[in-house]
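These notes concern the structure reproduced below.
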Amino acid sequence: MNTPRKTVPLGQIVATRGVLANVPPDRMQEGLARHARGDWGTVCRADAAENDLALAEGWRILSAYPIDPSKPAKGYGENVFWIITEADRSATTFLLPDEY
């Protein structure tokens, strides 16, 4: 039997101008839902493992999702937006990698 994964407390949700100008609202909602349930998107395996540990230990969590899911996307670069939840869970921010 699989143990359900803890959800990510999101805190205040904010977004940068770059995300608001480039990411459709439905993609933002989908990404946030995935992030909150522990689906880290297109991050590499090492970053996904770090996020799993961060969820248990109370560290910062970073997820990555494609802006246009019909195009290739890595966890960084073009066609990607990030969602970062702060270690204290006070805020979750949508941003583009070049805005970090």
request  = Mind ranking SER90, SER63 by accessible surface for me, highest first, 1.4 Å probe?
outcome  = SER90, SER63
key: Helix-only CD estimate at 222 nm, as mean residue ellipticity for the chain, using -39500 (n - 2.57) per DSSP H run (n ≥ 4)   = -9000 deg cm²/dmol
request  = Add +1 for every Lys or Arg and -1 for every Asp or Glu among the other residues with Cβ under 11 Å from the Cβ of ARG60, and state the total.
outcome  = -3
task = Could you work out which residue, out of VAL14, VAL23, VAL43, moves most in a Gaussian network model of the chain, that is, has the largest mean-square fluctuation with Cα springs under 10 Å?
result = VAL14
key: Extension gain (nm, one decimal) between ARG89 and THR7, 0.36 nm per residue minus Cα-Cα   = 28.4 nm
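Give the ranking of ARG37, ARG45 by solvent-accessible surface, highest area first, calculated with a 1.4 Å probe.
ARG45, ARG37
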inquiry  = Taking 30 Å as R0, compute the FRET efficiency from the Cβ-Cβ separation of LEU53 and ASP26 and round it to 0.05.
reply    = 0.50
request  = Compute the acute angle (0 to 90°) between the alpha-carbon long axis of helix 25-36 and the principal axis of greatest extent of the alpha-carbon atoms of the chain; round to the nearest 10°.
outcome  = 20 degrees
request  = With θ set to phi - 60°, apply the Karplus curve 6.51 cos²θ - 1.76 cosθ + 1.60 along the stretch 56-63 and write out the HN-Hα couplings as whole Hz, x wherever there is a Gly or Pro.
outcome  = 6, 9, x, 9, 5, 10, 10, 10
task = In whole Hz, with x marking every Gly and Pro, tabulate ³J(HN,Hα) for the stretch 70-77 from phi via Karplus 6.51 cos²θ - 1.76 cosθ + 1.60, θ = phi - 60°.
result = 7, 10, x, 8, 9, x, 8, x
ask   = What residues have an amide H closer than 5 Å to that of GLY38, excluding those fewer than 5 places away on the same chain, when H is modeled at 1.01 Å from N in the peptide plane?
value = VAL8
note = Comparing GLY41, GLY18, GLY75 in a Gaussian network model of the chain (Cα, 10 Å), the one with the largest mean-square fluctuation is GLY18
query = For the pair SER70 and TYR100, how long in nm is the line joining their label points, each one 7 Å along Cα→Cβ?
reply = 2.8 nm
key: Other-chain or far-sequence residues with amide H under 5 Å of ALA91's (modelled H)   = GLN12, GLU86
request  = Quick one: which residues, 5 or more positions from PHE81 or on another chain, have an amide H under 5 Å from its amide H? H modelled 1.01 Å from N in the peptide plane, none for Pro or chain starts.
outcome  = TYR65, ILE67
inquiry  = Give me the percent of accessible area attributable to carbon and sulfur for the chain, probe 1.4 angstrom.
reply    = 54 percent
remark   = Quick calc, the chain, dipole around Cα centre from Cβ unit charges on Lys, Arg (+) and Asp, Glu (-), nearest 20 debye, gives 220 debye
Solvent exposure of the chain as accessible area per residue, Å², 1.4 Å probe = 61 Å²
ask   = Roughly what % antiparallel, to the nearest 5, for the DSSP beta bridges in the chain?
value = 65 percent
message = Suppose accessible area is computed on protein heavy atoms with a 1.4 Å probe; arrange TYR65, TYR76, TYR100 from highest to lowest.
response = TYR100, TYR76, TYR65
note = Around ARG45 (Cβ within 15 Å, Cβ-to-Cβ, excluding ARG45; K/R +1, D/E -1) the net charge comes to -3
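The values are calculated or read from the model by the stated rules, or taken from the named source; none is laboratory data. Computed from a predicted model, the values in this text were never measured in an experiment. Backbone-built Cβ (ideal geometry, glycine too); neighbour counts: all protein chains shown. These accessible areas exclude ligands, DNA and RNA; they are computed on the full protein's heavy atoms, side chains included. Shrake-Rupley method; radii C 1.70, N 1.55, O 1.52, S 1.80 Å.
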